[in-house]
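The values are calculated or read from the model by the stated rules, or taken from the named source; none is laboratory data. Just so we're clear, the structure is a prediction, and the values are computed from it rather than from any experiment. Here the Cβ positions follow ideal geometry from the backbone for every residue, glycine too, while neighbour counts run over all protein chains shown.
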Amino acid sequence: MSHVLPGTAPQVTAHARADLAPALAWIEAHYDEFRGQWVAVRLAEPALVARAPTLSQLWQAALATQLMDCVVHYVCTVAEEHHVQGPWWEG
């Protein structure tokens with residue numbers, strides 16, 4: 001059983017989804033340069049914010065406020081690209 005409090009009902013605001021395409025295009029254009037690295041790329045006016053070999057190091061390399069408006073992505077090595085990953089493939 002629920003109890004409704006008197007007053008104004010809360011307003012729900014729908015936020016538009018961020019356009020990831022420019023940042024992902026930037027990553028694709030620089031893919032070979034950052035193989036084996038985690039990268040953080042700004043969504044607006046795409047540019048590299050930070051890069052590191054591990055995700056933990058990436059969090060340390062940039063301020064949390066800098067990473068809020070970024071795409072964080074791992075750039076595969078050549079060997080990893082050709083290796084199928086995931087528990088459903090093991091067996």
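Computed values, structure above
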item	result
Test: R17 is modelled with pLDDT under 90 and under 15 Å from the mean Cα position of the chain (by Cα)	yes
Those residues of region 31-53 which are surrounded by 16 or more Cβ atoms within 10 Å (Cβ to Cβ) and of a type outside the set (A, V, I, L, M), in sequence order	F34, Q37, W38, R42, P46, R51
Residue in region 63-78 that is surrounded by the fewest Cβ atoms within 10 Å (Cβ to Cβ), counting only those that are assigned to a loop (DSSP other than H, G, I, E, B), more than 10 Å from the chain's Cα centre (by Cα) and hydrophobic (A, V, I, L, M, F, W, C)	L63
Close pairs from region 28-54: first touching a residue at least 40 places away in the same chain (Cβ under 8 Å) and in a loop (DSSP other than H, G, I, E, B), partner among the hydroxyl-bearing types (S, T, Y) and surrounded by 11 or more Cβ atoms within 10 Å (Cβ to Cβ), Cβ under 6 Å, at least 6 apart	R35/T77; G36/T77
Which listed residue, of Q37, Q60, is under 18 Å from the mean Cα position of the chain (by Cα) and at pLDDT below 95	Q60
